[in-house]
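Worksheet: the structure to be examined is printed underneath.
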Amino acid sequence: AAQIWYEDDGDLSVLDGKKVAIIGYGSQGHAHALNLRDSGVDVVVGLRPNSKSVEFAKEQGLEVKSVPEAAAEADVIMILAPDQYQKGIWENDIEPNIKEGAALAFAHGFNIHYGYIKPSEDHPVFMVAPKGPGHIVRREYAAGRGVPVVTAVEQDPRGDGWDLALAYAKAIGALRAGAIKTTFKEETETDLFGEQNVLLGGVNKLVEMGFEVLTDAGYQPEIAYFEVCHELKMIVDLMNEGGLNKDRWSCSDTAQYGDYVNTVIDEHARERMQYHLQRIQDGSFAQEFMDDQAAGAPKFKQLQEEYSNVRIEEVGPKLRAMFSWNNEAAKDADEANSF
Ligand code: NDP
Ligand code: MG
Ligand code: MG
């Protein structure tokens, strides 16, 4: 069985007298910095020159420095910039300034697993990877709960790697939910697999295609939106509570029967998943992504443009604005629409 750690398994005093640098103040960065700070940890945020996030982090009462300065004074450096920029940040700003023996931390194993970042052996290297979006990591912590994490130690020169990882996980609130032991390899490969095949690449395309098939057949877009998008969250809530059996149990027998005999996700889909898994395992997905990024991300930008204009995205914003119960989420949504 997997090793799972909870609240009593982490000791915050491991971080006493230590400075934690959070590099980046985006989705994960703001959540880690604020949660650590509220847990009593000494935090400094490292941002690039002219960063649009400097004022934002300062307004929230955090100390902000340049990346080289933050790295130079830190005992633990958590890199929370986008994966494709981490190698450059490491080489230019962190590696030349990092203290002897300072720990390096990640929220995703990508750069260590695929070898884009190769820290020298005297640095502990650990991972605390929230299995949820950064804004939820902050929201749950503030509500007295936490988002579960997976955690791993890749380099452990002093033998305190796990103590650091669990203290860090506790400080961001994750041990309230649980931390599962993993490796950089397992986390990286399963994280990429999940987001590519199910969470994003699977669900997003199902929703998009379902909406188009219905509206092409002449049904009202408002109705189609409800059927293939809005209700999804309610089904997923039930799945989250009690698995597939609970979401099926709560739906009608008619719905269940239609589910069992549906052929959209068939053996062809399994074979495509295995294909994408293999591209993750052999590093070719990572290489394709990094090569495109190194060239200025032409393919990525083109795809972003294409997918941000699919038909459901035209009616979605108008419909959501009409939902009186949805105003709470409007702020995050505005941010998402401007990304
Ligand atoms: P974001 O895209 O939200 O990070 C943006 C932040 O990184 C901004 O503060 C930005 O600075 C900063 N940044 C970008 N480029 C540089 C640079 N060259 N030098 C310094 N800072 C830079 O990242 P995420 O939070 O999405 O991802 C961070 C890590 O967490 C990744 O490893 C990701 O895989 C992992 N992760 C992310 C999850 C998520 O919820 N998004 C979930 C679990 C793990 P500026 O403010 O100046 O623009
Ligand atoms: Mg993930
Ligand atoms: Mg991911």
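Data overview
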item	result
Filtered residue count, segment 83-113, keeping only those that are within 12 Å of ligand 1 (Cβ to nearest atom) and not in a helix (DSSP H, G or I)	5
Residue count for segment 250-271, restricted to those that are of a type in the set (D, E, K, R) and surrounded by 13 or more Cβ atoms within 10 Å (Cβ to Cβ)	0
Residue among Y225, Y168 that alone is assigned to a helix (DSSP H, G or I), assigned by TED's automatic domain parsing to the domain that holds D38 and crowded, with 20+ Cβ neighbours inside 10 Å	Y168
Which numbered condition E189 fails, given (1) free of Cβ contacts under 8 Å to residues at least 12 places away in the same chain; (2) in contact with a Gly (Cβ under 9 Å, 6 or more places away or on another chain)	(1)
Selection status of D237, assigned by TED's automatic domain parsing to the domain that holds I280 and under 21 Å from the mean Cα position of the chain (by Cα)	yes
Condition met for A72 (at pLDDT 95 or above, assigned to a helix (DSSP H, G or I) and within 19 Å of V125 (Cβ to Cβ))	yes
Considering residues of segment 114-136 that are part of a loop (DSSP other than H, G, I, E, B) and of a type in the set (G, A, S) only, the residue farthest from G88 (Cα to Cα)	G132
Test: residue in segment 165-185 that is more than 30 Å from R311 (Cβ to Cβ), within 16 Å of ligand 3 (Cβ to nearest atom) and among the basic types (K, R)	yes
Y219 being touching a residue at least 40 places away in the same chain (Cβ under 8 Å) and hydroxyl-bearing (S, T, Y)	no
Search result, residues across segment 188-220 that are touching a Leu at 6+ places or on another chain (Cβ under 8 Å) and under 20 Å from N309 (Cα atoms)	V203, V207
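The values are calculated or read from the model by the stated rules, or taken from the named source; none is laboratory data. This one's a predicted model, so the numbers in the text were calculated from it and none came from an experiment. So basically every Cβ, Gly included, is an ideal-geometry build from the backbone, and we count neighbours across all protein chains shown.
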